[in-house]
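First up is the structure itself, then whatever we jot down about it.
The values are calculated or read from the model by the stated rules, or taken from the named source; none is laboratory data. Given the structure is predicted, the values throughout are model-derived calculations rather than measurements. FYI the Cβ positions are ideal-geometry reconstructions off the backbone, even for glycines, and counts take in every protein chain you see. Just the protein is used for accessible areas: all its heavy atoms, side chains included, with ligands, DNA and RNA removed. Shrake-Rupley method; radii C 1.70, N 1.55, O 1.52, S 1.80 Å.
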Amino acid sequence: GHWGGTCMASQCFRRVHPDDKALSSEPVRRLAAWCPTMDVLAFVVGEGVIAVHRLSWVKLVHFEESSPVSALCWAPDGRSLASGHDDGTLNIFDVESGETSSTTPKAHSAPITSLTWVTNTSRSKWRTDSSVPIEELCKDRTSQILVP
């Protein structure tokens, strides 16, 4: 029926194509990050899929993850992309090769909701030197910052 000059959705809208699916009522997380050096956009498609496209919408690569993606961040040089996940996992992808260059499962004890790429020669030196394990660099320090 009609309510005050409006109509119910089933009467006002119809599917244009027989293969169209009804929109889910579940909330959808929308994440995207522009590359700082190229006309490239990384965005989350579904729960654990990251797509990387050019501005012309040409698909470059996609990465499939086992845990829902909760954060994205490009490296300043635009060659790597970091993803944080609901289970605390941190991944770093080499966008040019399409490969995962680093995975740290449970890098954080809570979902990763924000990432920032830090360029610091001492940290870079630690990582290439491997005298400091990646677990120490990605150590969960939430309890030091947020007091319960």
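Kindly establish whether Pro76 is touching a residue at least 12 places away in the same chain (Cβ under 8 Å) and either small (Gly, Ala, Ser) or more than 21 Å from Ala110 (Cα to Cα) (or both).
So Pro76 fits the description; yes.
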Original post:
open to solvent by less than 20 Å² (accessible area, probe 1.4 Å), at pLDDT 90 or above and in contact with an Asp or Glu (Cβ under 7 Å, 6 or more places away or on another chain) - does that describe any residue in the stretch 73-80?
Top reply: no
**OP:** Report whether or not Ser97 is part of a loop (DSSP other than H, G, I, E, B) and among the polar types (S, T, N, Q).
**Re:** yes
Original post:
What is the one condition in (1) open to solvent by 10 Å² or more (accessible area, probe 1.4 Å); (2) in contact with a strand residue (DSSP E or B) (Cβ under 9 Å, 6 or more places away or on another chain) that Gly84 does not satisfy?
Top reply: (1)
**OP:** Quick one: in the stretch 104-118, of everything that is modelled with pLDDT of 85 or more and under 14 Å from the mean Cα position of the chain (by Cα), which residue is least open to solvent (accessible area, probe 1.4 Å)?
**Re:** Ile112
**OP:** Quickly run through the stretch 25-67 and pick out the residues that are at pLDDT below 85 and open to solvent by less than 80 Å² (accessible area, probe 1.4 Å).
**Re:** Gly46, Gly48
